[in-house]
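To keep things clear, I will list the structure first and then write my remarks on it.
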Amino acid sequence: MEPLAEDNNESPLEILIGGMVYKVPRYCPHRRGKLQYGFVNERKKTIACPLHRSTFSLETGEQISGPPCGRLDVKKCAK
Ligand code: FES
């Protein structure tokens, strides 16, 4: 994984895994944890919020675990 976007508060985070770019909001839908400090699992294609550990699928945006807060608005495209 390598971050692609510049680090400003306007642009989504861009996470590169295996030739795909996953664009992720900067803030968690739960209580606005900063996902730039989240934990990416490249094998499972998930990101976990550093604040309360909600985990989201990078493929679908669905919340997998953590305090209920809905889905993450993830966009996926080829590099
Ligand atoms: S702010 Fe992300 S899980 Fe609470």
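Every number in this text was worked out from the coordinates using simple rules, so none of it is lab data. Keep in mind that this is a model prediction, so the values were computed, not measured. Quick reminder, even Gly has a Cβ in these numbers, built from the backbone with ideal geometry, and neighbours come from all protein chains shown.
Odds and ends about this structure:
- Of the strands (runs of 3 or more DSSP E) lying entirely inside the stretch 8-49, those containing at least 1 residues that are among the small types (Gly, Ala, Ser) and closer than 15 Å to Leu72 by Cα span 46-48.
- Tabulated pairs, the stretch 53-73, first on the phi > 0 side of the Ramachandran plot, second outside any loop (DSSP other than H, G, I, E, B), C-beta under 8 angstrom, 6+ apart or interchain: Arg53/Ser65; Gly66/Ala48; Gly66/Thr55; Gly70/Gln63
- Restricting the stretch 60-79 to residues that are of a type in the set (D, E, K, R), under 20 Å from Gln36 (Cβ atoms) and part of a loop (DSSP other than H, G, I, E, B), the residue that is farthest from the ligand (Cβ to nearest atom): Lys79
- If the condition is being away from the ligand (no atom under 16 Å from the Cβ) and either closer than 18 Å to Glu10 by Cβ or touching a Cys at 6+ places or on another chain (Cβ under 7 Å) (or both), then the stretch 23-59 contributes only Lys23.
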